[in-house]
Amino acid sequence: MAGKSKRAAKVDEHGVLLVAPPKTISNKEHLQRLNYLFHLSTFHTIVNDQDENNALARMYAKNLDLIQKKTKSSLAPGLKRTLCKACQRTLIPNRTVRLGVLNDSKQKTPVNRVLVLECTCGKTKRFPIGKNPSYQAHGEKASNLFFFQK
Ligand SMILES: [Zn+2]
């Protein structure tokens, strides 16, 4: 006798497994603190345009980096891409970072395009965008997000 289980797996039309979001979040206070520090750093970078060194914003970003390391929390990939590892600036286009697309290959094929972010301190970040322009990190993919069940 096989009765129907009440907890059958639900799959939507795209094949995504629908799972209830977690009821508790571990290290919730740490994540809230990291989020708040990132918002403070971004806010002070945008608002305070007299200070070219972005001292206050960099201090908040430095605290964010220290707390993230101390609590062994992981930052979202999109958040990590907006922080300079060398000078702790929040990378905001036309304010603290210059954007450009380079193609160093001899044939200049579009596959070899590289997005270059150059911070005010001179440090550069390079992201290959030619091969797969719609690339998303594992945590950013829609199939890895939680969906609410009704
Ligand atoms: Zn920098």
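Ordering K141, K69, K10, K23 by accessible area with a probe of 1.4 Å, largest first, what comes out?
Result of the area sort, largest leading: K23, K69, K10, K141.
Which part of segment 49-68 falls in the paramagnetic zone of I92, meaning amide N under 16 Å from the point 7 Å along Cα-to-beta-carbon? Flagged as within label range: 49-62. Size descriptor for the chain, Kirkwood hydrodynamic radius: 18.7 Å (Cα pairs only, one decimal).
With every protein chain in place and a 1.4 angstrom probe, the accessible-area ranking of T90, T120, largest first, reads T120, T90. Near L83, the amide H atoms lying under 5 Å from its own belong to L91; only residues 5 or more places off or on other chains count, and H is placed 1.01 Å from N. Between S73 and E13, the simple spin-label model (points 7 angstrom out along Cα→Cβ) gives 3.8 nm. If only the Cβ of Lys and Arg carry +1 and only the Cβ of Asp and Glu carry -1, the dipole of the chain around its Cα centre is close to 580 debye. Of all lysines in the structure, the ones whose alpha carbon falls short of 28 Å from that of K106, not counting any fewer than 8 places away in one chain, are K123, K125, K131.
Counting Lys +1, Arg +1, Asp -1, Glu -1, what net charge surrounds V97 among other residues with beta carbon under 9 Å of its beta carbon? Kindly include the intermediate steps, with their values, before the conclusion.
Working: positive: R89, R95, R98, K125; negative: E118.
Local charge sum for V97: +3.
Hey, quick one: spin label on F127, modelled 7 Å out along Cα-Cβ, who in segment 62-84 has an amide N within reach, i.e. under 18 Å? Under 18 Å, as judged by backbone N against the label point of F127, lie 75-84 of segment 62-84. What is the sum of charges, Lys and Arg at +1 and Asp and Glu at -1, for the other residues whose Cβ falls under 13 Å from the Cβ of T71? Within the 13 Å Cβ shell, the charges total +3.
The values are calculated or read from the model by the stated rules, or taken from the named source; none is laboratory data. For clarity, every value in this text was computed on a predicted model and none was experimentally measured. Because the Cβ atoms are built from the backbone with ideal geometry, glycine has one as well, and the counts that use them run over all protein chains shown. Only protein heavy atoms, including side chains, enter the accessible area calculation; ligands, DNA and RNA are left aside. Shrake-Rupley method; radii C 1.70, N 1.55, O 1.52, S 1.80 Å.
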